[in-house]
1. Pick out, in residue order, every one of the trypsin sites (Lys or Arg not before Pro) in segment 126-169 that is DSSP loop and has at most 12 other C-beta atoms within 10 Å; say none if there are none.
2. For the pairs 132/192; 255/311; 132/166; 137/166; 132/237; 166/202, flag any whose C-alpha to C-alpha distance is greater than 18 Å.
3. Over the chain, what is the mean sequence separation of C-alpha contacts under 8 Å (at least six apart), divided by residue count, expressed as relative contact order in percent?
4. Could you tell me which trypsin sites (Lys or Arg not before Pro) in segment 290-339 are loop residues by DSSP with no more than 16 other beta carbons within 10 angstrom of their beta carbon?
5. Give me the one-decimal nm value for the distance between modelled label points at residue 20 and residue 64, 7 Å along each residue's Cα-to-Cβ direction.
6. Can you grab the distance from the C-alpha centre of segment 148-189 to the C-alpha centre of segment 235-272, Å, no decimals?
7. In nanometres, what is the gap between the two model label sites at residue 158 and residue 78, each 7 Å from Cα along Cα-to-Cβ?
8. Helix-only estimate, please: 222 nm mean residue ellipticity of the chain, summing -39500 (n - 2.57) across DSSP H runs of length 4 or more and dividing by its residues, to the nearest 500.
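Coordinate-derived values only; no laboratory data. Computed from a prediction, not measured in an experiment: that's the story for all the values here. Here the Cβ positions follow ideal geometry from the backbone for every residue, glycine too, while neighbour counts run over all protein chains shown.
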Amino acid sequence: MTDKGTIMTSQGTSMNTAIYDEHFIEAAKAVYDSLDPERQLRVETLGRMHSAYIGTHRDRQLDMLFDSLIENVAATLFGTAAKRRAIFVVGESGSGKTTAIERQIAKRPQFAPRLTADGQWVRPLVIQEAGKPLTLKGLARGGLKALNFPVTYKQITEQEIFDLWKEQLKEQRVLYLWIDEMQHVLRGNTTKEIQNVADVLKSLVQIDGWPLHLILSGVPALAQFVHLAGDADGQLKGRSNLVELRPLSYPEDVKSIRKIVLKIVTKDAALIPVDLEGDEFIHRLIHACNGAFGLIIQLVRAACEHSLRTKATTVDVGSFAFAYSLGGCRPSQNIFTAEAWQTIVPDNALGELLARVSKQQDQKAEVAKLAKKKEK
Ligand SMILES: Nc1ncnc2c1ncn2[C@@H]1O[C@H](COP(=O)(O)OP(=O)(O)OP(=O)(O)O)[C@@H](O)[C@H]1O
Ligand SMILES: [Mg+2]
C-alpha cells in the first residue's frame, strides 16, 4: 500500500481500494494477480471507465443548491438559517440521481466525519435508503438504524419513534440527512397520504434548536410532496428546492450525448469511434434507453467493453447492437439494427423474452400433464 485506499499494480499504476471492504479487495487482488498482463490491462481500463464521473450542466444547478445547504448551516453563526432546508432531486429510474448526489457529497469536505471540539467523532451527513414497502414508522425505524440506534421492539407508537429519531439526529449532531428512494413511503396517492408524509418531512426540518437539512431523492412522483404541501399551507413548498433530472430527448440533447459518447469511447476506453456521430445513431441510443442519462452512459460503456473484450480497436453500431442485445431482446427487436426501430418499445424487449420463457414453461407443464394422464 502506498497510502490509504491505494495499491500499486504490477503495471506500475495505482488501484483504488477505498470503496470496498478490505477483505473483498484482498480477494479481488488475488483474481487480478491470476490474470495475464493483457487481461490485467483490460480490467484496469474497465474499472476506470466504469467509475469515471460525467459532468453536465445538470451538475451546475446541484452545485448551487448543495452550496446553499452548506452555507445555510454556517450562516446561523451570524443570524438565522434560511427556511429552505430541503432539496428534492427527482428523476426516472436510471436518470442519475444517486450518482449525482454521491458526487456532490464526495467533493465536499463538510459532509465527512469530523472530530468535535470535545473529542467525539460525529457524522455531519447520514445517508438512508427508504426500503420497500415502507410505512412512516418504518421510515423512522430505518432512520434510527442509519444512526446506529436500531429499535427492534414493536410496542412503540408512530409519535414516539419519530420523537426518538429527531432526538437522535440532534444528539448525534447530524446536520444533513439524505433519504434516497423516498417515493417508497408514498404508498397511496391520496391527498391524505401525501399530506401525512409532507407533515413528517416538515417536522424533520423543524427540530427545536437544530435546523436539520434534508436531501430527498426519488422518482418524479415525489414532487407531489412539494406541490401538495404548497397547496395545503405553503410550508413545505417554501422550505424546499426541487431539481428534476429530466429524460434526454431528440433533437434537443443530441449535441451533449454525442459529446458523452465520444468522451467515453476515446478517453475512458481509449478506442476509436466509427460512425457514432450521426443524428440517427444518437436518436436510436436515446430511444433504447428511454432517455435516461445513466442508462445511456451504461450502454456506451457496455459497447466499449464488448470491443475491448473482442480485442477490437474500434467501437461501432454493431458493438451497441451487441451490448443492447445483452438486455435480452430478439434480433428483430434490436433498436440499433431494426428498420422500424422507432416503433419498438424498449421496455418490452426483456418483457417479451420473459413472456416467451413463461409460455414455454406452460407448454412444458402441459405436455408433462398429458404424458402423466396417458401413463394412467
Ligand atoms: N454523471 C454520471 N457519470 C457517470 N456515470 C453515471 C452518471 N450518472 C449515472 N451514471 C451511471 O448510470 C447508472 C445509473 O445511475 P443512478 O443509479 O445514479 O440512477 P438513479 O436515478 O439513482 O436510478 P434509480 O432510480 O434506479 O435509483 C450508475 O450506476 C452509473 O453507472
Ligand atoms: Mg438511485
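1. 154
2. Over 18 Å apart, Cα to Cα: 132/192; 255/311; 132/166; 132/237.
3. Working: 467 pairs, mean separation 59.7, N = 376.
Dividing the mean separation by the residue count of the chain yields 16 percent.
4. In loop regions of segment 290-339 (DSSP not H, G, I, E or B), the sparsely surrounded trypsin sites (Lys or Arg not before Pro) are 311.
5. My value for the distance between the label points is 4.0 nm.
6. After rounding, the separation between the Cα centres reads 33 Å.
7. 4.2
8. Working: 13 runs with 179 residues, N = 376.
Taking each H run of at least 4 residues, the total per residue is -15500 deg cm²/dmol.
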